[in-house]
Structures are given as C-alpha cells and as structure tokens.
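Novice: Take a look at the following structure, please.
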Amino acid sequence: MENLENINKISTYQVILLIIIYRVTIAFTYLPVVNIPPGNQDIWITLLMSIPYTILLCVPLLYLGNKFSDYTLIEYTEKISGKIAGKVISIYYTGFLLLLSIINVATLVEILNSALFPETPTWITTIIMLITCVYIAYKGLKSIARGGEIFVPFILGVILLFIILGYNNYDFTVLLPVLKDSTFKELNIGAIDSGIKFSDIIILAMIPPYLERKEDLNKIYIKSIIYSIFIIILLVVATQAALGIEYAKHTNFPFFTFNRLINLYDFIQRIDVLSVVGWITGNVGKITGYLYFTSVAFSQTFDKNDNRPYIIPIAGIVFIATLLIKDRRSILSVGKVLQKTILITSTIALFVLPTITLVIYLFRKDKISNTNND
Amino acid sequence: MKKKILFINIIVVIAVALTGCWNAMELNTLGINLVLGLDFENGKVIVTAEIIEPVPAKEKSAMEKGSAVTYVQGIGDNIFDAFRNITLKFDRKLYIAHNKIIIFGEGFVEGESANDIDMLVRDHELRETTYFLIAKEAKAYEVMGIAAGLEEIPGNYILKLINNFKYNPKAVNVNLAEYLRHFYDMGRQPVLGIIEKKEKKQINKLKKSSKDKEYELSVIGAAAFNKHRLVGYLNGTETKAFNFIMGKVKTGIVTFPTPNESVDEISTPTLVMESDIDSQRPSKISMSTIDIIKLKSKRDVEIIDGNIVLKVDIRLRGSLEEFIGNMDISSDIEMKEIEKACSQEIKNKLMNTLIKVQKEFETDIFGFGNIFHRKYPKEWHEIKDNWNEIFSKSDLQVEVKTNVIRTGLINEPIGRIKGK
C-alpha cells in the first residue's frame, strides 16, 4: 500500500535538483545579480550574505509547509484563512505562478531572438517552446522530476565545463580589494534583494503533498539554497574575472558572453552552442514546472480535481502575454521594470502573505486543529 | 484513434515548420568576412570588408595570391548604416561571425568616442575575440589587401602576424573583450595593437612583378589610449618593455651590449695557444643575446614619505644564444657580469618606456592604479579621478635580475682560444 502511494511521489533528491536548476537557470541565462548593490567585486559576498536572509524571509512559508505537509500552499491557505480570504490569497498565488511562467517564457524567447534567431517571429519561438512544455507538463510531476534527473546534471556539467575551459581568460585581481569598496548597507541591501528574488522557492510550498519523505522539507530547503548559491557564486566569479566588473554589467547575457571568449589551442572554440543547449533545456524544464504548478494552483483554487485540463488554457494565456510583452519591449535590456515587478510580487508571495497566514494560524490554531481532526 | 490522428497531424505541422526556419543562412548567400576596416572621412563612416571568395579546390592551386578574397566598401552615417549600405552594391549579405580582425584607420580613432563602436559589441554576430588594430598614420583600407607572407588570404596573413606575438613581444594582441575590460577600468587604460604598411625590398629577381612597389605589413608597436582618446604610440622596443612590465612575455630575446673586459681575477687563466685567431680584435657587432626561458614580473605601488613610488621587479631566466665578446663564460664571475649587463639593458629600456608614458602620454597603461586601489583602497577613492595625473608625477623604481641557466651548444665564444 505504501509503495502504491509512493508511485506518484517524488524523492528529496529530485526536488533539490529541480529547485536548484530553477534558480540557477536565471543566473545561467542573464545573471541579474551582477547589477544588484553593491554592483562591484563584492557581489559574491552579497550572495553568501543572502543565505540567512533567504532562510529568515521564508520562515513563515517553511513553518506552514511543515505544519501542513499534506496540503499545498493553496490548500492550507484556504484552510487557515477561511473561504473568502483564502480564495483571494490563492488567486494571488495562482497569478504569481502565472506571472513567473510568463516571465520565464518571455526571457527564453528574448534570448533566442537576440542571440540566435533575430529574424524568427516571436510567436514561432514561443509556440514551439510551449508545445514542448505543455507535453511534458501533461505527463505530470513524476515525469518532470525524472526528467530533471537527466537534464539538471547535464546543465550543471555544461556550466562546470565552461568554467574550467575559460581558465586562460581569468584575471582574479579584478575581485580585489575585498570589502573595501562596499558599505555594510549596500551589501545588506544586495543580500535582501537577492534573498527576496528567490521566488522559485514557491515551488517548494506547492510540493509537500507529493514528497516521498515529508520530513525532509527543511533539508530540501537548506540544501537547495546553499547549493544554488554556491553555483551562482561560481558563475559570478568566473564571469567577472573574465569580463571585468563593468563590462559584465553592460552585457545582457554575461555568462554567455564569457563563453564566447573560450578559445583553447585554436580548436576548442565557438563551443557556446553548448551553452545555448543548456539554456534551452534549463528553461524548458523551468517553464514546464511553472506551467504544471500554475495549473495545480488554478485547479485547487477553484476546487477542481484534475489540473490537466487547465494546462493548455494557461499555456494559451502565457502565449498571448508573451507576445504582448515581447513585441513591445525588451524585458532584459530594459530590465528595471522586470526586476521591480519580481521584487514586489515575490515579497508579497514569499513573505507578506505567508506571514499574515501564519499570524492567522497562530490565532486560530485550535480551531484549525479540530477541523483537521474531524 | 482520434487522439493519434491529431498527434500525427501536430507532428507533421511542426516538422514542416521546422525544416527551414526564418534564420536559415545558406553558404551561397553569405559573404564571409575576415577583416573589417573602419575609417572616418567627411563626417561619414567607411566600412571596408575583406570577403572570402569561395573557389573549388582544383582551381585553388592555379590561383594568384590575394585572389581568394574580394573587397567591398560601404559609406554611412554610422558603422551599421555603412555596413548595410554594402548590400546595395555587393550581391551577398556580409556575415561577420567569422571576422577575425578589425582595423581602425587613424582618422577613425582620433576623436573617437567609445559609443562610436557600440555596434561592434551590440551585434550578436561579431565575436568578442576579434582583434583590434590601429592603422598607424594611415587609413584602414590602405593597409588591407596585402599578403606578403605565405598565407594566401590577407586576413590570415595579418592574423598570423598577431599570433606571432608569442615569439616576439614587440607587438600586442588585444581583442575586443580585453579592450573593453580596460576601457572601463579606472586604474588601467587600454592599449591596442598597430599595423603599418611598409615598402618591401624586391629580393627575388626571378619573380616578375607587374607592380612598381611591393608592400609588407608590420604589427610592431602599440597604441596607447586614455579611455577612448589615442594618446600616442609605443615603438617596438617600448612595446617590448611594456610587455615585460605587464609580465606578458612568454618567449623572446634580450639583446644587450656585451661587457667590455674580462674581470676574472680569481681563477687561473687558461694559457693562450698560438693561433692565427686574434681574440682581442674588436668585433663590428658588440651586442649579445639572451633567449628568455621564463620571465616573472611584479608591479607594486608604495607611498614613501607622502610620495607614490611605482615599482617594477623583473626576474628573468634565460639561455645565452649569441655572445659576441671576449669573456670567459666558464667563470662564474664573468657570467655574473654578463647577467648584470643584460639586467642593466632591460632596466634602461623599462625606465625609458615608463618615463615616456609618464611624461608624454600621462596615462597609466600599466595598471599601477589597480594595484594602488588594491593596496590603498581608502586613498584610492580620494585620488581615482586624478590618477593619470598622479601616475605621471610618481617616482619610479625598477629592479631586474637575470639568471643565465644555459649557454647553448658551446661554452667559450668561438673567437676565443681556450688553450691548455
């Protein structure tokens, strides 16, 4: 019986891989952290400092996840906050996941259009990408997680390969002096900014009911934060050492630009195509995950049993929104709006709403426990 | 069944859509470009492109040198405009993903703003590994189209000259990424390679040449910049000194005046045999050469009594490759004299270059500013905007130590008789 239940469950390892790659894909794609305060050689320290902030900011979310490990974020929000308030919060979360899906698709389309296929219309790139993602999302979480076991090591391998092959481009003196050009305030602002923008942790709040070992929730959380930060630090250090601090900030795709510099012995060159394969794979995996969880959030918000009928309509919304955004303006090079949007929506989704929900839970603890027992 | 039919239809539609995408680039529609020349004349940008002319392999052997390429020019309000205007007179779209070199005419660089080359960085086709060269006292198109080596394609000829940097540090090989890295640097200003057209002596009289004059190219020297402003040129010797200071020398030679006298007073002198070789006879050449095996350079900055001192410390390990003089090389003391002479020569060259850059260019192309920043971060924030001025007034201190670890296949100079 227990084995039967575990058929549709995913392992701790698979979840860690998914969350790591969802976060690393952003850095691998457009490395936004090189532009956060203090915007100099101390960025890697800012990233290290972001670990405690990320943990602190997500304490309410994590606490509730542990308490209601049989429910998703949408389900327990409604349980705690009541029917009406719960619905409102759930709609916000569904919208937040949808927004992240749109941003992910728009980002990938922008990369492909600006770096590879400038003449291909946006709708073609978007539709090809979405058909692939819808197909995988239809297959369910188990398939997404199993796919992650294959593509995540591949992407991490590609990143490592580029970091090793780029060795003759590095000038590590650009990372000096350490902590002399940044103020304590700047470092903390950067760390908080980076911690809040770790929006992918929302996936962890949706995943507990599907976990094989629910007690591993905290372990997954800590490990995915530490591993992903470590990989992002590697990306930042390699890119800054190769391009310099300011040039890295000027490029839309800093790690990709660094990859284009690799030229070893006049025959290992122009291998940035591998980077593009990594981008596409990572982004497809991420978009698929977000499509899936948006459909789950939607079905649970509106009390439907099956999420699958909503995957295609949601993909349709993502498609239309991507076209509207992408054919209007570049979201990466004119990226302040994007960063601001992510910052505000993430703060609400990861900190404000979970804190409110937690406060309500603490007040209504007994009543909710009784309902659970009933 | 219905699902299967739908699925097959989707696959067919996707397959049809994917076979020829919007960005397909067929070889017979492209003009593959190897070198771009950029000039500025009468308020317009002139782009000159060297394009490979694809020919069947069997025709290749009968081809004349230089005929494997063709040149086109475009004129426009900016680089991209000039670039696209080429399509109005050339039948193929230029494809610059394989471009290796960009040559800037001196007129383009003078008064250039970094924004003028924005397109070179913004466009996705051009690689960041493209080398930048300045056509010294010439237009870019004037130095293009010359292949004086064995390479058939002029672009490859220039590329090989740039790559020969590893054998001779009298040139620099700076690409787009490196230029930008230093352009943004507060503590180090960019340096670019240069290219010059020089008349070539006709030695091969058997070769019938229709031309009155023959030319060759030289990449000797470097151009120094203060941000985007060209401040001057370094000659070959100065460029070599620059590379010594920057620790970029992997191989190369040092030619120095041979010390005059034997100073060996301790060891027993070998008896001179009777011979018709007069070892005391002065040679017409008085320079000897050490081949560099390993060179280490360390730059430092110190504040001593309120004065900024720029320090360079060179450690050289080499092999005696040519010795023209009358010294007993087997004597440790005399060998030390040779090493000292070599060190002194390097020191003189480094000092001359440092003084020239300080006094004439007033621009820190050596990166002392970055070292100052690392060592004195607090003081740096106060002076960083005036660093070039401070650099040009700083004191200099150069230390060179040479160590000869090999003497080639012979020991004593061939004009010296060892005796018994």
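Novice: What is the diffusion coefficient of segment A:156-275 in µm²/s, taking the Kirkwood radius over Cα pairs and the Stokes-Einstein relation at 4 °C with a viscosity of 1.567 mPa s?
Specialist: Rounded, D is 77 µm²/s.
Novice: So what's the back-of-envelope 222 nm ellipticity for the protein assembly as shown, counting only DSSP H runs of four-plus at -39500 (n - 2.57) apiece and dividing by all residues, rounded to 500?
Specialist: -15000 deg cm²/dmol
Novice: Okay, moving on. Taking springs between alpha-carbon atoms closer than 10 angstrom, which of A:LEU332, A:LEU161, A:LEU264 fluctuates most in the Gaussian network model of chain A?
Specialist: Of A:LEU332, A:LEU161, A:LEU264, the Gaussian network model singles out A:LEU264 as fluctuating most.
Novice: Let me ask something else. Roughly how big is segment A:1-85's charge dipole about its Cα centre, with Cβ charges of +1 (Lys, Arg) and -1 (Asp, Glu), in debye to the nearest 20?
Specialist: With Lys and Arg at +1 and Asp and Glu at -1, about 140 debye.
Novice: Could you calculate the contour length gain from B:VAL13 to B:THR251, that is, 0.36 nm times the residue separation minus the distance between their Cα atoms, to one decimal place in nm?
Specialist: Additional length available on full extension: 79.7 nm.
Novice: Treat each spin label as a single point 7 Å out from the Cα along the C-beta direction, and report the B:ASN403 to B:LYS340 distance in nm.
Specialist: Here the answer is 1.9 nm between the modelled labels.
Novice: State whether segment B:25-234 is rounded, prolate or oblate according to the following rule on the C-alpha gyration tensor (a ≥ b ≥ c being the square roots of its eigenvalues): a/c under 1.5 gives rounded; otherwise a/b larger than b/c gives prolate, and the remaining case gives oblate.
Specialist: Oblate, because a/c is 1.5 or more while a/b does not exceed b/c.
Novice: Based on Cα positions only, what radius of gyration and what Dmax would you give for chain A, in angstroms?
Specialist: 20.7, 71
Novice: Please list 3J(HN,Hα) in residue order for segment A:76-83, calculated via the Karplus relation 6.51 cos²θ - 1.76 cosθ + 1.60 where θ = phi - 60°; whole Hz, with x for glycine and proline.
Specialist: Going residue by residue, I get 6, 4, 5, 4, 7, 8, x, 4 Hz, with x marking Gly and Pro.
Novice: Along the charge dipole of chain B, pointing to its positive end and built from +1/-1 on Cβ of Lys, Arg, Asp and Glu, which listed residue (B:GLY105, B:ILE220, B:GLY155) has its Cα farthest out?
Specialist: B:GLY155
Novice: Another question, then. Out of every Cα pair in segment A:149-199, what percent are spaced more than 13 Å from each other?
Specialist: 74
Novice: For segment A:305-335 and segment B:341-420, what is the centre-to-centre distance using only Cα atoms, to the nearest Å?
Specialist: Measuring centre to centre over Cα atoms gives 60 Å.
Novice: Same structure, new question: Please sort by residue number the chymotrypsin sites (Phe, Trp or Tyr not before Pro) in segment A:238-303 whose DSSP state is loop and whose Cβ has at most 10 other Cβ atoms within 10 Å.
Specialist: Sites meeting the loop and neighbour criteria: A:TYR265, A:PHE267.
Novice: May I ask you to sort A:THR12, A:THR46, B:THR255 by Cβ crowding, counting other Cβ atoms within 10 Å and putting the fewest first?
Specialist: B:THR255, A:THR12, A:THR46
Novice: Pull out a ≥ b ≥ c, the square roots of the eigenvalues of the alpha-carbon gyration tensor of segment B:253-406, then state rounded if a/c is under 1.5, prolate if not and a/b is larger than b/c, and oblate in the remaining case.
Specialist: Note, shape of segment B:253-406 comes out prolate.
Novice: Another question, then. Once amide H atoms are placed 1.01 Å from N in the peptide plane, what residues at a sequence separation of 5 or more from B:VAL72, or on another chain, have their amide H within under 5 Å of its amide H?
Specialist: For B:VAL72, the qualifying residues are B:ALA49, B:ILE51.
Novice: Say the cut-off is 20 Å between C-alpha atoms; which of B:LYS201/B:LYS349; B:LYS160/B:LYS213; B:LYS240/B:LYS284; B:LYS166/B:LYS340; B:LYS294/B:LYS336; B:LYS250/B:LYS298 go over it?
Specialist: With Cα atoms farther than 20 Å apart: B:LYS201/B:LYS349; B:LYS160/B:LYS213; B:LYS240/B:LYS284; B:LYS166/B:LYS340.
Novice: Any chance you could get the radius of gyration and Dmax over the Cα atoms of chain B, in Å?
Specialist: Every Cα atom of chain B included, Rg and Dmax give 28.0, 110 Å.
Novice: Restricting everything to alpha-carbon atoms, can you work out Rg to Rh for the protein assembly as shown with a Kirkwood hydrodynamic radius?
Specialist: Rg/Rh: 1.07.
Novice: Then there's this: Along segment B:122-131, what does the Karplus equation 6.51 cos²θ - 1.76 cosθ + 1.60 (θ = phi - 60°) give for ³J(HN,Hα), rounded to whole Hz, x for Gly and Pro?
Specialist: Going residue by residue, I get 6, 6, 6, 6, 6, 8, 6, 8, 5, 7 Hz, with x marking Gly and Pro.
Novice: Ratio to report: Rg/Rh of segment A:29-182, with Cα atoms as the point set and Rh obtained by the Kirkwood method; give two decimals.
Specialist: Expressed as Rg/Rh, it is 1.03.
Novice: Sticking with this structure for a sec: What number, in percent, do you get for the relative contact order of segment B:25-234 if the mean sequence gap of Cα pairs under 8 Å and at least 6 apart is divided by its residue count?
Specialist: 19
Novice: Now for a different question. If exposed means no more than 14 neighbouring beta carbons inside 10 Å and the site is in a DSSP loop, what's the longest run of chain B without any exposed GluC sites (Glu not before Pro)?
Specialist: With a cap of 14 other Cβ atoms within 10 Å, the longest stretch comes to B:275-420.
Novice: Tell me, in nm to one decimal, what length is gained between B:LYS201 and B:GLU26 on full extension, where the rule is 0.36 nm per residue of separation less the Cα-Cα distance?
Specialist: 58.7 nm
Novice: Can you compute the equivalent ellipsoid semi-axes for segment A:269-374, i.e. the square root of 5 times each eigenvalue of the Cα gyration tensor, sorted largest first and rounded to whole Å?
Specialist: 36, 20, 16
Novice: Please report, in debye to the nearest 20, how large the charge dipole of segment B:253-406 is about its Cα centre when each Lys and Arg carries +1 at its beta carbon and each Asp and Glu carries -1 there.
Specialist: Rounded to the nearest 20 debye, it is 820 debye.
Novice: Further question on the same structure: Residue by residue through segment B:170-186, which ³J(HN,Hα) values in whole Hz follow from phi under the Karplus form 6.51 cos²θ - 1.76 cosθ + 1.60 (θ = phi - 60°), with glycine and proline marked x?
Specialist: Computed from phi, the couplings for segment B:170-186 are 7, 9, 10, 10, 10, 9, 4, 5, 5, 4, 5, 4, 7, 4, 7, 6, 6 Hz.
Novice: Given the options A:GLY285, A:GLY166, A:GLY82, state which has the largest fluctuation in a GNM of chain A using a 10 Å cut-off (strictly under) for Cα springs.
Specialist: Maximum among the listed residues: A:GLY82.
Novice: Then there is this: Expressed as a rounded percentage, what relative contact order does segment B:253-406 have, with Cα pairs under 8 Å and six or more residues apart?
Specialist: Worked out over segment B:253-406, it gives 32 percent.
Novice: Round to the nearest 0.05 the FRET efficiency obtained for A:LEU343 and B:LYS296 when R0 = 60 Å and r is the Cβ-Cβ distance.
Specialist: Efficiency at R0 = 60 Å is approximately 0.80.
Novice: Taking the Cα centre of chain B as origin and charging only Cβ (+1 Lys, Arg; -1 Asp, Glu), how large is the dipole, in debye to the nearest 20?
Specialist: Value, rounded to 20: 1560 debye.
Throughout, read-outs are computed from the coordinates displayed, never taken from laboratory work. Quick caveat, the model's predicted, so the values are computed rather than measured. All Cβ positions, even for glycine, are placed from backbone atoms using ideal geometry, and neighbour counts span all protein chains on display.
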